[in-house]
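Peer 1: Sharing a structure here in structure tokens format.
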Amino acid sequence: MSKSTVFIQLDGREGLIEAELPSTITGAQLHKSLAALDAETDDATFVFIDEEDEPVKRKGKESLTLRPGTRIHVTRCRKIKVTVNFLEKTAEDHFSPGARVRRVKAWAVDKFDLERQDAAEHVLQLCNSTSRPVSDTPLQQLTDGKRCSVCFDLVPEKRVEG
């Protein structure tokens, strides 16, 4: 049986757990494996693979494929409410915990109907801060596992003053 090195992200825990799991595994086996790695799951916990929109079923018998480098998200958030502010406009939607910042930006660019050139010059910045998460940051990493929401401002990457 082949194995894949995967990375497990837990709510409220810095860093990742690196583990070797079977490349093909059922949902039930995955939950059991997570428990053995001190990433216990319960009825209030959801497990997502990469950017999938739906969680892995706790007692699932369907076969899942874990590729090398797969990120497994263990979280209390089934969906994360995302708010993006741009100029005087605000848009909201819900994303899976594994969705990356780049996916949110692409959605916001479309929602606010930005031209391609303008979009390239803007980044997402956490509301009320100067923090600009890198584009491959999963949304789960930006929550504390208690509040399932993230707020961003879509701001110019650089300010040019004349």
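Residue-wise test of (1) hydroxyl-bearing (Ser, Thr, Tyr); (2) part of a strand (DSSP E or B); (3) closer than 22 Å to Glu51 by Cβ.
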site: Val82; (1), (2), (3): no, yes, yes
site: Ala108; (1), (2), (3): no, no, yes
site: Leu124; (1), (2), (3): no, yes, yes
site: Ser131; (1), (2), (3): yes, no, yes
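Peer 1: Among the residues of the range 59-76, how many are among the charged types (D, E, K, R) and crowded, with 16+ Cβ neighbours inside 10 Å?
Peer 2: Within the range 59-76, the first condition is being among the charged types (D, E, K, R), and the residues that meet it are 59, 61-62, 67, 71, 76.
Imposing the further condition that a residue be crowded, with 16+ Cβ neighbours inside 10 Å reduces the set to 71, 76.
Number satisfying all stated conditions: 2.
Peer 1: Return the residue satisfying two criteria in turn: it lies in the range 17-43 and is touching a residue at least 40 places away in the same chain (Cβ under 8 Å) and under 16 Å from Arg67 (Cβ atoms), and of such residues it is surrounded by the fewest Cβ atoms within 10 Å (Cβ to Cβ).
Peer 2: First, the residues of the range 17-43 that are touching a residue at least 40 places away in the same chain (Cβ under 8 Å): 21-25, 30, 34.
Next, from what is left, pick out any that are under 16 Å from Arg67 (Cβ atoms): 21-25, 30.
Values: Leu21: 20, Pro22: 16, Ser23: 16, Thr24: 14, Ile25: 22, Leu30: 23.
That would be Thr24.
Peer 1: Give me the residue from the range 44-72 that is among the small types (Gly, Ala, Ser), assigned to a loop (DSSP other than H, G, I, E, B) and out of contact with any helix residue (DSSP H, G or I) (no Cβ under 6 Å at 6 or more places or on another chain) and, out of that set, farthest from Cys148 (Cα to Cα). First the steps, then the outcome.
Peer 2: Restricting attention to the range 44-72, the residues satisfying the condition of being among the small types (Gly, Ala, Ser) are 44, 60, 63, 69.
With assigned to a loop (DSSP other than H, G, I, E, B) added as a condition, the list becomes 44, 60, 69.
So of that shortlist, the ones also out of contact with any helix residue (DSSP H, G or I) (no Cβ under 6 Å at 6 or more places or on another chain) come out as 44, 69.
Details: Ala44: 13, Gly69: 25 Å.
Restricting to residues being among the small types (Gly, Ala, Ser), assigned to a loop (DSSP other than H, G, I, E, B) and out of contact with any helix residue (DSSP H, G or I) (no Cβ under 6 Å at 6 or more places or on another chain), the top hit is Gly69.
Peer 1: Next up: Considering only the range 13-43, state which residues are part of a loop (DSSP other than H, G, I, E, B) and at negative phi. So that I can check it myself, show each step before the final result.
Peer 2: We begin by selecting, within the range 13-43, every residue part of a loop (DSSP other than H, G, I, E, B); these are 13-16, 23, 37-43.
Across the range 13-43, the qualifying residues are Arg13, Glu14, Leu16, Ser23, Leu37, Ala39, Glu40, Thr41, Asp42, Asp43.
Peer 1: Considering each of Leu126, Leu154 in turn, give the residue that is farther than 30 Å from Lys32 by Cα, modelled with pLDDT of 95 or more and touching a Cys at 6+ places or on another chain (Cβ under 9 Å). Write out each step before concluding.
Peer 2: Working: Leu154 fails: touching a Cys at 6+ places or on another chain (Cβ under 9 Å).
None of the other options fit; the residue is Leu126.
Peer 1: Could you list all residues from the range 110-150 that are over 21 Å from the mean Cα position of the chain (by Cα) and among the acidic types (Asp, Glu)?
Peer 2: Within the range 110-150, Asp113, Glu115, Asp118, Glu121 qualify.
The values are calculated or read from the model by the stated rules, or taken from the named source; none is laboratory data. As the structure is a computational prediction, the values presented were derived from the model and not from experiment. Here the Cβ is made from the backbone with ideal geometry for all residues, glycine too, and neighbour counts use every protein chain on show.
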